[in-house]
Amino acid sequence: MTPAPAPLLEVEGLTAGYGRVAVLHGVSLSVAPGRILAIVGPNGAGKTTLMSAVVGLLPRQGRVRFAGAAAGSTEALATAGAVLVPETRALFADMSVADNLLLGTWPRRGDARATASAFRDVYALFPRLEERRGQRAATLSGGERQMLALGRALMSRPRLLLLDEPSLGLAPRIVRDIFRVLAGLRAQGLAILLVEQNARAALDIADDGCVLEMGEVVLRGPSAALAGDPRVIATYLGTGSSG
Amino acid sequence: MTLFVFLALLQDGLATGAIYLLLAVGLLIVFSVTRVIFVPQGDLLAFATLTVAQLEAGQVPGTLWLLDGLALAAVLAEAYRGRRPRVLAFWLLFPAAVTAATLWGPRAAPLLAVPLGLAVVTPLGPLLWRFAFRPVSDAPVLTLLILAMALHFVLAGIGMVLFGADGATVAPLSGATLMLGPLAVSGQSLAILVVAAILVGALRWFFGATLAGKALRAAASDRLGARLVGIDAADSGARAFALAAFVAALSGVLIGAATPIAYDTGFEISLKGFVAAIIGGLASYPAAAAGAILVGVLESLGSFWASAWRDVIVFALLIPALALLSLRAAGRK
């Protein structure tokens, strides 16, 4: 294994929750460029809360640094190159596919050439989106909606993607396609923080993994080691026959 | 009723309907982006009429000092947070320019009074957002509505202090009368329709063809999604309030040529725009536009047949509209 480069995202002692109820208790993790960190854990472990707190959708205590600077608001992070694709996808349902993608360039607005090349790259990655570019986002299928959410996030050429349950509700074939795209993005140096119910698929693609339980990281390490850990196998990977 | 009377009433109703349409559009923009029912829109309408009337009389309108005071507070707040020099510069330079033009320019000149009045009243929209709504922008819709009602009373009170209780009118955009056979078409009615049509066209272009307009639509369509692509929620709110305030101010200038507007008249006018917006389900622009024309024409015909019942007829429209909307909503579930 090659040593990891300096981390792009550093989270230290992150505590967050809703109102007075803390869901996360002092979570620490880091993601380096060109690497995928998978967070696995049961329902209610705080995976989505972790993503929301990292990008500043929830008030956070503790230290979150992105690209060497303290993380600001959600909008500021998106502009700096850290973009969340939430579980709900949060598409602009009554706008066209092309307009959804166009709005993804907001952090680099005014640069026509960058916008054109971002459209080319995203359409090359997801040809289906180009076929449907004039359609309203609300009319897309589940897989296409996920492609659009990913594509919109990529339009600003981010350095870190935070993906919350990218496989949720999708057919296995589409999940494989999406994970293949993620592997390709990693090869281009993108850092990815991945939250997944589908622990096997997530650990298969990831470089590192964390197991989150009751708002705390209970286990961490290279994903291959985690996938071989008896506790992880028993709890999250079943007998090994299911995916 | 003869056809002649009907056509005269229709002409009146269409012109008033166009005003309600503009107000409904303003309400829809603000509500869809910020979830605020912009009740004080009517007060800004009255401010605009009264401001332009004072300018035309050669006076310095009190709203100018209101603008300067609020803008100064915005400058201090931004300076304290110290993160956005462009916002700070805007609130420093724009009011200064408007103030200078009012104090030392030929403010009573017909070509200057209306733009100056619009320039004084329009920035009050984003300033109200900045200080009244932005600090609680995540609050429930009901809280925001109560706040909007409170703000209406505050602004009406300020209007009473600044302008007194008397109504005022402004110079019409056009004083001409066009004879179409026996029917006299007033130039002002035509001017209202033309200005409304231009404004609707401009808004369509803004929302359909510009990135800034699409960003505002995005903020209305999915608040979370907009934040995730980096569209600042506070900026979207400010833009929505600026648009609504501009539309309200323009409506005040248009309607103020035919109807005397006092500090408390604006509320009732904006309520009728609200009825139109409700007919559109607070979501659909075409339905709201149809609703606005319907309200305007009904009101005009109603004032002929049963003038005492005019407002009753208009506001009673709400009942079938709401019943229909809730039936449709129930059908969708």
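Residue-wise test of (1) β-branched (Val, Ile, Thr); (2) away from chain A (no Cβ under 14 Å); (3) in contact with a Leu (Cβ under 6 Å, 6 or more places away or on another chain); (4) under 19 Å from residue B:200 (Cα atoms).
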position	(1), (2), (3), (4)
B:228	no, no, yes, no
B:273	no, yes, yes, yes
B:286	no, no, no, yes
B:294	no, yes, no, yes
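For residue B:237, state whether it is more than 11 Å from chain A (Cβ to nearest Cβ) and closer than 20 Å to residue B:31 by Cα.
Yes; evaluated as a whole, the condition is true for this residue.
Of all strands (runs of 3 or more DSSP E) completely enclosed by segment A:10-128, which ones contain at least 3 residues that are closer than 27 Å to residue A:215 by Cβ, open to solvent by 40 Å² or more (accessible area, probe 1.4 Å) and more than 14 Å from every other protein chain (Cβ to nearest Cβ)?
By residue number, A:21-31, A:60-66.
Report, ordered by the first and then the second residue, all pairs with beta carbons closer than 8 Å, sequence separation of six or more or different chains, a first member in segment A:143-158 that is away from chain B (no Cβ under 12 Å) and in a helix (DSSP H, G or I), and a second member that is among the small types (Gly, Ala, Ser) and surrounded by fewer than 22 Cβ atoms within 10 Å (Cβ to Cβ).
Once the first residue is away from chain B (no Cβ under 12 Å) and in a helix (DSSP H, G or I) and sits in segment A:143-158, its partners that are among the small types (Gly, Ala, Ser) and surrounded by fewer than 22 Cβ atoms within 10 Å (Cβ to Cβ) give A:143/A:171.
Consider segment B:216-241. How many of its residues are in a helix (DSSP H, G or I), closer than 16 Å to residue A:83 by Cβ and open to solvent by less than 10 Å² (accessible area, probe 1.4 Å)?
Count: 4.
Could you grab me the full set of residues in segment B:35-59 that are of a type in the set (S, T, N, Q) and either open to solvent by less than 10 Å² (accessible area, probe 1.4 Å) or without any contact (Cβ under 8 Å) to a residue 40 or more places away in the chain (or both)? Let's see the steps before the verdict.
Keep residues of segment B:35-59 that are of a type in the set (S, T, N, Q), which gives B:41, B:49, B:51, B:54, B:59.
Result: B:41, B:49, B:51, B:59.
Given the criteria within 25 Å of residue A:8 (Cα to Cα), open to solvent by less than 10 Å² (accessible area, probe 1.4 Å) and part of a helix (DSSP H, G or I), does residue A:184 qualify?
No.
Just to confirm my filter: which strands (runs of 3 or more DSSP E) fall fully inside segment A:188-240 and include at least 1 residues that are open to solvent by 30 Å² or more (accessible area, probe 1.4 Å)?
Per the criteria, A:208-213, A:216-222.
Only one of B:106, B:95 is free of Cβ contacts under 8 Å to residues at least 60 places away in the same chain and surrounded by 22 or more Cβ atoms within 10 Å (Cβ to Cβ). Can you tell me which?
B:95
Which condition number in (1) open to solvent by 60 Å² or more (accessible area, probe 1.4 Å); (2) aliphatic (A, V, I, L, M); (3) touching a helix residue (DSSP H, G or I) at 6+ places or on another chain (Cβ under 6 Å) is the one that residue B:113 fails?
It fails just one condition, (1).
Between a residue in segment B:4-20 that is within 7 Å of residue B:296 (Cβ to Cβ) and any residue that is among the small types (Gly, Ala, Ser) and outside any helix (DSSP H, G or I), which pairs come within a Cβ distance under 9 Å, given they are 6 or more apart or on different chains?
B:16/B:258
Does residue B:256 count as farther than 30 Å from residue B:3 by Cα, more than 11 Å from chain A (Cβ to nearest Cβ) and in contact (Cβ under 8 Å) with a residue 12 or more places away in the chain?
Considered against the rule, which asks whether it is farther than 30 Å from residue B:3 by Cα, more than 11 Å from chain A (Cβ to nearest Cβ) and in contact (Cβ under 8 Å) with a residue 12 or more places away in the chain, residue B:256 comes out as no.
Name the one entry in A:26, A:46 that is within 17 Å of the chain's Cα centre (by Cα) and in contact (Cβ under 8 Å) with a residue 60 or more places away in the chain.
Every option except A:46 fails the conditions.
Based on what the data block shows, is residue A:180 under 30 Å from residue A:108 (Cβ atoms), charged (D, E, K, R) and touching a residue at least 60 places away in the same chain (Cβ under 8 Å)?
No, not satisfied.
Could you give every pair whose Cβ atoms fall below 8 Å, whose first residue belongs to segment A:90-116 and is without any contact (Cβ under 8 Å) to a residue 40 or more places away in the chain, and whose second residue is among the charged types (D, E, K, R) and crowded, with 22+ Cβ neighbours inside 10 Å, counting only separations of at least 6 or pairs across chains?
Matching pairs, first to second residue: A:99/B:214.
Tell me yes or no: at least one residue of segment A:131-140 is open to solvent by less than 40 Å² (accessible area, probe 1.4 Å) and within 26 Å of residue A:33 (Cβ to Cβ). Full working, then the answer.
First pass over segment A:131-140, keeping only residues open to solvent by less than 40 Å² (accessible area, probe 1.4 Å): A:137, A:140.
Keeping just the survivors that are within 26 Å of residue A:33 (Cβ to Cβ) gives none.
The answer is no; no qualifying residue exists.
Since residue A:163 meets every condition but one in (1) within 14 Å of another protein chain (Cβ to nearest Cβ); (2) surrounded by fewer than 22 Cβ atoms within 10 Å (Cβ to Cβ); (3) not in a helix (DSSP H, G or I), which condition does it not meet?
(2)
Would you mind finding the one in B:308, B:257, B:283, B:289 that is of a type in the set (Gly, Ala, Ser), touching a helix residue (DSSP H, G or I) at 6+ places or on another chain (Cβ under 8 Å) and in a helix (DSSP H, G or I)?
B:289
Criterion first (under 30 Å from residue B:232 (Cα atoms) and of a type outside the set (Ser, Thr, Tyr)) does residue B:30 satisfy it? Walk me through how you get there before you give the answer.
On the way: under 30 Å from residue B:232 (Cα atoms): yes; of a type outside the set (Ser, Thr, Tyr): yes.
When the stated conditions are applied, residue B:30 passes them.
The values are calculated or read from the model by the stated rules, or taken from the named source; none is laboratory data. Note that the coordinates shown come from a computational prediction; the quantities given were computed from them, not determined experimentally. A quick note on method: Cβ atoms are made from the backbone with ideal geometry, for glycine too, and the neighbour counts reach across all protein chains shown. Surface areas here come from the heavy atoms of the whole protein model, side chains and all, with no ligands, DNA or RNA. Shrake-Rupley method; radii C 1.70, N 1.55, O 1.52, S 1.80 Å.
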